[in-house]
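For reference, the structure discussed in these notes is given below.
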Amino acid sequence: MKILGICAGAIFIMSIIHKISGAKTPVRASLISMLSGIIALIAVNLCSGFTNVFIPVSMLSLGVSAFLGISGVTAMLIIQMIL
């Protein structure tokens, strides 16, 4: 129940951000952004055999990739490559 509340809150906050930025359908834009981040995280982990870069899937990495989208996954990749 707690996780559902966090997810609903994240969608609400992202919808407000998209509404301020001028999106016609802010909830849809938020969901697309969140899904694209999660898909990017999955793609990075599927390609880890070729790139030797792996982002462990945890609640934190899922949250960052869902809330920040592709830019969050990119930031995690850069941090992973530096460390």
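The values are calculated or read from the model by the stated rules, or taken from the named source; none is laboratory data. Computed from a prediction, not measured in an experiment: that's the story for all the values here. Virtual Cβ from ideal backbone geometry, glycine too; neighbours counted across all protein chains shown.
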Legend entry - Neighbours by Cβ (under 6 Å, 6+ apart or cross-chain): first from region 13-36, more than 15 Å from L68 (Cβ to Cβ); second in a helix (DSSP H, G or I) and of a type in the set (D, E, K, R): P26/K19
Legend entry - Selection count, region 43-83, where residues are closer than 25 Å to S15 by Cα and either loosely packed, with under 10 Cβ neighbours inside 10 Å or in contact with a Pro (Cβ under 9 Å, 6 or more places away or on another chain) (or both): 2
Inset, instruction - Determine whether A29 is in contact with a Gly (Cβ under 9 Å, 6 or more places away or on another chain), small (G, A, S) and surrounded by 15 or more Cβ atoms within 10 Å (Cβ to Cβ). - result: no
Legend entry - Answer from A10, A40, A23 - the residue that is within 14 Å of the chain's Cα centre (by Cα), of a type in the set (G, A, S), modelled with pLDDT under 90 and surrounded by 14 or more Cβ atoms within 10 Å (Cβ to Cβ): A10
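Every residue, every condition in (1) part of a loop (DSSP other than H, G, I, E, B); (2) of a type outside the set (D, E, K, R), yes or no:
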{"residue": "G9", "(1), (2)": "no, yes"}
{"residue": "F12", "(1), (2)": "no, yes"}
{"residue": "S15", "(1), (2)": "no, yes"}
{"residue": "K19", "(1), (2)": "no, no"}
{"residue": "G22", "(1), (2)": "yes, yes"}
{"residue": "R28", "(1), (2)": "no, no"}
{"residue": "S33", "(1), (2)": "no, yes"}
{"residue": "I38", "(1), (2)": "no, yes"}
{"residue": "A43", "(1), (2)": "no, yes"}
